[in-house]
Amino acid sequence: MITMQKHTRDGFSLIEIMIAIAILAIVAVSVGPAIFRQLDKAKTARARTDLVAIRSAIDQYNLDTSQYPSTLRDLVVRPAEEAASRKWDGPYLKGKDAPKDPWGRKFIYEVTEGEEHPYKLLSYGKQGKSAKEAEWISVWDED
């Protein structure tokens, strides 16, 4: 009687593993940049939303104290200036310190008396200080 032996394999061959890795690499290279573009768009959208929230807090601070905060920290912690401190009804923003943009940098805030807007409020965006002015994300962009 002839007996047949059954051969079983206990894993993948080196060629099969290399093919699987190559396929994964091709997918990562083609999909990766699209994912990073979407992440950048999401961070920019979040920066715009945060700027609008900060603008609302600044406007409320102004209504309460009849002046604009000297720094964004004044929206979180009672200001040292006595006139503003007496009327301060904050905190106007959550947190323990001035808010940061989605890239981890402080938002730029400066009172600009006599200019088109009463203050400057922006993020330099992804590139930081080295960004061109056209890449800045300002709270006044949507007006």
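Given the pairs 96/126; 94/132; 96/132; 96/129; 94/129; 43/120, which span a C-alpha to C-alpha distance of over 22 angstrom in this model? Those over the limit are 96/126; 94/132; 96/132; 96/129; 94/129. Between residue 113 and residue 36, the simple label model (points 7 Å from Cα in the Cβ direction) yields a spacing of 4.6 nm.
Taking the alpha carbon gyration tensor of segment 42-100, multiplying each eigenvalue by 5 and rooting it gives semi-axes of 22, 11, 8 Å, largest first.
From the list (i) 128; (ii) 202; (iii) 152, can you say which value of volume of the Cα convex hull per residue in Å³ was derived from the structure given? Here volume of the Cα convex hull per residue in Å³ agrees with entry (ii). Descending by average beta-carbon neighbour count within 10 Å, the peptides 58-71, 122-135 line up as 58-71, 122-135, the highest first.
Remark: spin-label model distance residue 26-residue 105 equals 4.0 nm, labels positioned 7 Å along the Cα→Cβ axis.
What ranking do 35, 137 get, fewest neighbouring Cβ atoms within 10 angstrom at the top? Display every interim value, and only then the final one.
On the way: 35 10, 137 24.
Exposure proxy ranking, most exposed first: 35, 137.
Once the Cα atoms are used to define both axes, helix 14-65 deviates from the longest principal axis of the chain by about 10 degrees.
Once the convex hull of all Cα atoms in segment 14-77 is built, its volume per residue stands at 103 Å³. Judged by the mean number of other Cβ atoms found within 10 Å, the most tightly packed of the peptides 77-89, 18-30 leads the ranking 77-89, 18-30. When shorter helices are ignored and each DSSP H run of at least 4 residues is given -39500 (n - 2.57), the per-residue value for the chain at 222 nm works out to -14500 deg cm²/dmol. Taking every alpha-carbon pair under 8 Å whose residues sit at least 6 apart, segment 1-110 reaches a relative contact order of 20 percent.
Bear in mind these aren't lab numbers, they're just calculated from the coordinates by the rules spelled out. Small disclaimer: the values here were computed from a predicted structure and weren't measured. All Cβ positions, even for glycine, are placed from backbone atoms using ideal geometry, and neighbour counts span all protein chains on display.
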